[in-house]
Amino acid sequence: MAYWLFKSEPDVWGWDAQVAKGEAGEEWDGVRNYQARNNMRAMKLGDQGFFYHSRTGLEIVGIVEVCAEAHRDSTTDDERWDCVDVKAVRPVNTAVSLEKIKADPRLKDMVLVNNSRLSVQPVTDEEWAMICEMGNTKP
């Protein structure tokens, strides 16, 4: 299994909206960055990701799971853009802020720390375990 981080502005698509979609999940649509798209194309069913509130909050608030592999993004007719579907798995018990992540030297190489604008990014096994620990949630 691989791990990822999905960024969304909470006033556009927040954790509560994701949870409300239930088991069916929702397309992670609207991504118009080739690197983020390629990350989604690499995802497999069952991969998990952190749900990160960007712009407002700047924190990891939940864990999602890929429930449909890459397919055409329904919000565009442009063949270049794909997306995956994700469903909420559980909230983290304690939100993990970007400030806390940046303060931990063990996470200095994390993509979120070094390329904070990338909306869909990989997370290493070690980073996953550390952030789950910081969020008081099971990995």
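So the values come out like this:
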quantity: Additional length obtainable on full extension of the chain from GLU69 to ASP104, 0.36 nm per residue less Cα span; calculated: 9.4 nm
quantity: Accessible surface of the chain [probe 1.4 Å, protein heavy atoms]: carbon and sulfur percent; calculated: 47
quantity: Residues of type aspartates and glutamates that LYS102 reaches as a straight line, Cα spacing below 19 Å, ignoring anything fewer than 8 places off in the same chain; calculated: GLU59, ASP125, GLU126, GLU127, GLU133
quantity: The chain: relative contact order in percent, alpha carbon pairs under 8 Å with at least 6 residues between; calculated: 30
quantity: Virtual spin-label span in nm between ARG55 and ALA129, 7 Å along Cα→Cβ; calculated: 3.6
quantity: Per residue accessible area of region 10-139, 1.4 Å probe, in Å²; calculated: 52
quantity: Label-reachable residues, region 60-80, where backbone N falls under 17 Å from a point 7 Å from ASN38's Cα toward its Cβ; calculated: 70, 80
quantity: Which label in (1) 14.9; (2) 18.4; (3) 16.1 gives the computed Kirkwood radius over Cα pairs in Å; calculated: (1)
quantity: Cleavage-rule hits (trypsin sites (Lys or Arg not before Pro)) in region 64-124: DSSP loop, at most 13 neighbouring Cβ within 10 angstrom; calculated: ARG80, LYS108, ARG117
quantity: Which of THR124, VAL31, PRO10, positive extreme of dipole for region 4-127 (C-beta unit charges); calculated: THR124
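The values are calculated or read from the model by the stated rules, or taken from the named source; none is laboratory data. Small disclaimer: the values here were computed from a predicted structure and weren't measured. Counting neighbours? That spans all protein chains shown, and the Cβs are built from the backbone with ideal geometry, glycine included. All accessible areas refer to the heavy atoms of the entire protein, side chains included, with ligands and DNA or RNA removed. Shrake-Rupley method; radii C 1.70, N 1.55, O 1.52, S 1.80 Å.
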